[in-house]
Each structure stands twice: as C-alpha cells, then as structure tokens.
1. Treating the angle as unsigned and between 0 and 90°, give the value, to the nearest 10°, between the Cα long axis of helix B:152-164 and the longest Cα principal axis of chain B.
2. Rounded, prolate or oblate for the range B:1-130? Axes are the square roots of the Cα gyration tensor eigenvalues, ordered a ≥ b ≥ c, and the cut-off for rounded is a/c under 1.5.
3. For helix B:123-136, report the angle its Cα long axis makes with the longest principal axis of the Cα atoms of chain B; keep it between 0 and 90° and round to the nearest 10°.
4. Any chance you could run the full-extension gain for A:ARG203 through A:VAL288? It's 0.36 nm times the residue separation minus the Cα-Cα distance, nm to one decimal.
5. With no solvent and one equal point scatterer placed on each C-alpha of chain B, evaluate the Debye formula and give log10 I(q)/I(0) for q = 0.07, 0.12, 0.14 Å⁻¹, two decimals.
6. Throw me the Rg/Rh for chain A, computed over C-alpha atoms with Kirkwood Rh, two decimals.
7. What value, in deg cm²/dmol to 500, does the helix sum -39500 (n - 2.57) over DSSP H runs of n ≥ 4 give at 222 nm once divided by the residues of the protein assembly as shown?
8. Which positions within the range B:50-94 get 50 Å² or more of their accessible surface covered by the other protein chains, compared to the chain by itself, with a 1.4 angstrom probe?
Amino acid sequence: MSKPTPLLPESDAREAALFFVVAALCFLAVLATLTARGTYTAAHAWSAQVEGEMTVRLKDTDRRGAEDAASIVRGLDGIRSSSVLSQEELNRLLAPSFGPGGIPAGVPMPILIAVETTQDAPAEAGVVTAALTDAGFNATAESHADYASEVQRALGTLRIAAIGIVVLLTATAIAVIAFATHAALLARRDIVDVLHLAGAEDRFIASLFERRFWTLGLKAGSAGSLVALAVTAMIVFSAQSAGTQSQLLPQLSLDFWDLVILAVTPVGAGLAARWAAGGTVNHSLKSVL
Amino acid sequence: MNRFRPDTADEPAVELNGVSLRYDTADDVLSDIDLRLKPGTFTFLTGASGAGKSSLLKLLYLAHAPTQGEVHLFGLRTSALSRKQLSALRRRIGVVFQDFRLLDHLTAFENVSLPLRVSGQKPGTYREEVVDLLRWVGLGERMHALPQSLSGGEQQRLSIARALINKPDLLIADEPTGNVDPEMGKRIFRLFVELNRRLGTTIIIATHDLSLIREFDAPVMRLQHGLLVRDVEHQSA
Ligand SMILES: Nc1ncnc2c1ncn2[C@@H]1O[C@H](COP(=O)(O)OP(=O)(O)OP(=O)(O)O)[C@@H](O)[C@H]1O
Ligand SMILES: [Mg+2]
C-alpha cells in the first residue's frame, strides 16, 4: 500500500484562487515596501547632503580677496571645506537663467564661496557671516538647510504615508487571507464533521488545516515575493543601463533589508494563513458539541 | 463520573432523562424523552418521516446537545464531559449516517480506515482488518474505488464498514438499508445481529422497513411527532 491520501484533499479550484490572491497581495505589499524604502532613502540622502552645505556671497571684492575670505572660513570650527566658485562653475550654475553662452559681460556678479560644514557641530551661517564681517568683508552666508527644511517636512509626511500604506496593505493581506481561508474551510465542512464525529480531537482537525494553509501561504507568498524581486531587479537594471540617477526619483536598489523583506513576506503570509485556518476550525468546532 | 461506579454491565449503555430537542425553530423536534437501553441490546427505532428519528440518533452519537434533559452513555453524563472526553467517547460509537458522509477524495479502503487513523493507528497495523471487513461487506473488489464511482448500495455498505472498523461498543445506524435490495438488506441486518451476539455491541437501528423489523423480532421504539409513543419497556417481542 502506498502512502495514505492526506485527510484533506490536495487542492482544488478554490485553493488556486486563494493562492492567486495571497500571491498578488504579497507582491503588492513587497513592492510598496521596497518603493517606500527606496524613495525615503533617496530623499533622505539628498537632504542630508544639502544639510551640510552653505553658500557665502561676497560683494565689493575681487578673486584674490575671495580666496582670503575662503581661507578665513576654512579656519572656523565646524567647516569641512570652503572654495571659491570659478567662472565656469558659476556659468554652469546660472545656465538655466542665461543660456549656454555664459553670463553677459557687464552683469554685476557676486562672488560665491561654496562651503561644506562638518556633520557634527556644523558651523552656523550667522557665525560665518560675523567672522567675515569682522575681517572687513561685505559677506552674507546662507545655509542650504533653510531650503532643505521644506524638503525635510515633505520627507516626514512621506515617511508617515509610506508606513501607513505598508501597514494598510499588510493588514489587508492578512484580512483577505483570513477571509479566503475561512471560505475555503467552510467548503470542506463535511470533512471537519466526519472527523469530529469519528472522535478526532479538535487539535487533530485544526492541525490538518493549519499545516495545509501554512504551506499554501508560504508557497503563494514566495511566488508573490519572487515576482516582486524580478520586477524590482528589472527596474534597477533598466535605470542603471539608462544611466539615469535622478536623485529624487524612487531609487530602487536591493540592499540587505530589502532582501530581508523579500524573505520575511512569505513566512508572514504562511503564518497569517495558518493562524486564520486554526482560528476558523476551532471556532466552527466550538459551535458544535 | 463516580469512580466507584465504573462503566459496568448493569449500567445502561444509553440513558435519556427528560430529553427535549429544538433546532432554531420554535417547536420541539423531540419532547421529554426517557429511555434506557442495556448494554448488548439490539433495538429498532421507527416512526414516520420527520418524526425525529435522525434527531434522536444525533443526540446519541453526540453530534448535538439536547435542549433539555440529560444524555448518559455507558454511565457517563455527557453534559459533564470535556471536549477531549467527548472525543474519546465518540470513538466508542460507530455511526452509519442516513446520507453516508463518505469523503469523496478517499478510496473505499481509506474511508473505512478513517476512524483508525483518527485514533492514531499506523497504516501498517490495520491493513488486514480493513481488507477483511471490505470483503465481508462485498467490496473486496472495489477497495481502491472512490465513493462517487460506487453505486448507492455499495456506498451504504462502505459506510457500514466504516462504522464497524473500530469494533464500537455502540452502533447507531440511520436507515442502513435504504439503498439496498431486500436480499442485501437482510445480509446487513444479519451482520448487525452477529456483531451484537459475538461482540456484545449495543445496536440501535432507525428504519422504515417493517418487513425487516418483523423478520428480526427485536424490541421496537416508535417516535411520533417527537414523542416516544412506544418504548422498549412496553414492546411485545
Ligand atoms: N438541522 C435542522 N435544523 C432545523 N430543523 C431540523 C434539522 N434537522 C431536522 N429538522 C427537523 O426536525 C424534524 C425531525 O427530523 P428528522 O430528520 O429527525 O426526522 P426523521 O424521523 O429522521 O425523518 P426521515 O425518516 O425522513 O429521515 C423535521 O421536521 C425536520 O424538518
Ligand atoms: Mg432521518
């Protein structure tokens, strides 16, 4: 005699539908998480970079004076680097306003010093301005963090929204898995009844369903996760081959934590399905003698 | 359960005290039923369709709790038992359901071995027994068939085999001959009688079949609109 047939039938059309639903939800949840993480990481990196920048505007001085000013700034605490912007750099910076021909002669141009502050205890714009004023320069320092604060605020909102979306999707996935599992179980009520009346203990019956739905959730979750991995890899690959590195667009990459998310999702789906199955069986058994 | 009064022979196998049953509807399906069956008795249960035969049997095979009254089996007050104890008690009861309740994805062999699997026995240990029993009910050739490929009578015999495989102390059969010809009906009844004589199994059979009742001359209980109008104490055997 070969191995006995499982007490629960292998699978049927209903389970195929459940498999698809679980896989699709896991796919969406993984993709949403990865995208949210990517967007947040990119925006965070951009604002962290901007945070550490400052521009000093000098008036009534020439290049030599500007170099002196730059070295005074360099000597202050909390400054990492400080350099006078060359004419080419200015041209490039202002190209959107003046076109590729450069700045027309005769346009009064301030001289700019690009300053990078240190990460710990960065110098404040006011301190830089005061130091240069004391040295006899007509100078104004402006921290880029002032512009970045808008982005910072948007970033905070983005983070909350991303967490909200992921939580909502995960909750929906669990609810749908529970609901679909419940429906699949009710359809096999006959088996539950026969086993129950043959003297099977609640534990025995529940474990049949738990094992079945744990495997189903795990398989479906893996399928969804793998498709999400494939899609992400495709996006990463096409972005890299096109050479676009636009800093504020969601920057998908696959780091350690992304892989953890990809691996944990199927287990989560399996556990959700197992939990839903166990709960449903126990509940329906408690309603009979 | 009093441990000084164990499950002994003078204890009724089945005892119902003032039992009533009502489903979700307003009317009682069974009203105020008192009943005592000694171990090793063979009893018929009859009554018109809808009289409540299947409902009474459901109380006995612990599929339903009575709305009122107490059901005792083998001296155990069932309302006082834990779920685990109820499961253990169910394993001492074999049931032939009116609608068979065979599992359609399991072969005839596997359907019969179901109660053994449920009680944790390993497939290697019961093969012979199951095959013998299947031969005995005339399904030796159909062991690997799925229920839907069996005739109504074959399905009925299969469900009887499943009820017997555990050598139950109490056998409850709901219209066990409803789908077989009179000859097979007699064979099945003889099988029940043999089981009753040889193993002392307490047997309750619900049936409409008056000719079989007459032929086997056993005590008869009659249900009428949920009332036990003629119980075993008064019957003229
Ligand atoms: N699960 C249920 N819910 C509600 N009413 C039920 C249920 N089962 C049975 N009944 C009702 O209880 C009454 C008795 O039904 P039961 O099945 O016990 O009769 P029976 O004597 O076995 O009939 P038959 O000879 O046709 O099998 C019927 O009126 C039936 O409609
Ligand atoms: Mg009936």
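1. Tilt of helix B:152-164: around 70 degrees.
2. Because a/c hits 1.5 or more and a/b fails to exceed b/c, the range B:1-130 counts as oblate.
3. Result, in degrees: 80.
4. 29.1 nm
5. Values, matching the q order: -0.22, -0.68, -0.93.
6. Taking Rh as the inverse mean 1/r over Cα pairs, Rg/Rh reads 1.28.
7. The per-residue figure over the protein assembly as shown is -18000 deg cm²/dmol.
8. Hits at the 50 Å² cut-off: B:ARG83, B:ARG90.
The values are calculated or read from the model by the stated rules, or taken from the named source; none is laboratory data. Keep in mind that what you see is a predicted model, and the values were worked out from it rather than measured. So basically every Cβ, Gly included, is an ideal-geometry build from the backbone, and we count neighbours across all protein chains shown. Calculation scope for accessible area: heavy atoms of the full protein, side chains included, ligands and nucleic acids excluded. Shrake-Rupley method; radii C 1.70, N 1.55, O 1.52, S 1.80 Å.
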